[in-house]
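Report on one structure; see the data block that follows.
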Amino acid sequence: MSFTVKGWCPGALRPMQSGDGLVLRIRPRNGRLLPEQAQAIADLAWTHGNGLMDLTSRANLQLRGLRPAGHAAAIAVLTGIGLIDRDAAAEARRNVVLSPFAALDGAAWHLAQAIAQAMTAPDAPQVPGKFGFAVDTDPPALA
């Protein structure tokens with residue numbers, strides 16, 4: 001059995017070819033999706049991929065088995081629902097994982113937004129391919 005180390009984490013704008021088609025990862029902002037966004041992603045998985053969605057260890061949604069011809073359609077949909085960065089470099093640098101228990105308007109939420117904004121700016125520093133931030137500064141939000 002052989003394999004090739006690709007050296008990057010695939011994104012929506014820079015998918016990776018695998019044995020079953022393209023692997024496309026979506027980085028929800030602050031790790032949250034609106035119901036409409038989740039439905040649109042599920043529709044993309046069904047229409048252009050193998051029908052499955054995976055949650056990665058870095059809180060990305062992964063679609064597998066996308067056909068190359070469906071990639072442009074997927075990007076159009078993801079752009080329309082606010083989940084695409086301006087380019088692949090910005091997308092790769094906006095690798096911020098926020099605690100799922102963080103309050104929607106708390107300190108951790110605002111810190112994660114500030115980091116994401118700084119890392120997607122045109123003058124953002126270059127970082128290694130698998131570099132990321134984990135943010136968890138708030139006490140758990142209890143219902």
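The values are calculated or read from the model by the stated rules, or taken from the named source; none is laboratory data. Everything numeric in this text was worked out from a predicted model, so none of it was measured. Every residue, glycine as well, gets a Cβ built from its backbone with ideal geometry; the counts of neighbours run over all protein chains shown. Ligands, DNA and RNA are stripped out before the accessible areas are found, and what is left, the full protein with its side chains, is counted by its heavy atoms. Shrake-Rupley method; radii C 1.70, N 1.55, O 1.52, S 1.80 Å.
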Count, please, the residues in the stretch 76-101 that happen to be more than 18 Å from ALA124 (Cα to Cα), open to solvent by less than 30 Å² (accessible area, probe 1.4 Å) and assigned to a helix (DSSP H, G or I).
1
Filter result for ASP54 (of a type outside the set (Phe, Trp, Tyr) and not in a strand (DSSP E or B))
no
Sole exception among (1) loosely packed, with under 15 Cβ neighbours inside 10 Å; (2) among the polar types (S, T, N, Q); (3) part of a helix (DSSP H, G or I) for GLN37, by number:
(1)
Specify the residue that is modelled with the lowest pLDDT; the eligible residues are those in the stretch 123-140 that are open to solvent by less than 80 Å² (accessible area, probe 1.4 Å) and of a type in the set (A, V, I, L, M).
VAL127
Among the listed residues THR120, THR79, which satisfies the condition of being out of contact with any Cys (no Cβ under 9 Å at 6 or more places or on another chain), hydroxyl-bearing (Ser, Thr, Tyr), over 28 Å from GLY19 (Cα atoms) and at pLDDT 90 or above?
THR120
Does ALA108 satisfy the condition of being free of Cβ contacts under 8 Å to residues at least 40 places away in the same chain, small (Gly, Ala, Ser), buried (at least 18 other Cβ atoms within 10 Å of the Cβ) and touching a strand residue (DSSP E or B) at 6+ places or on another chain (Cβ under 6 Å)?
yes
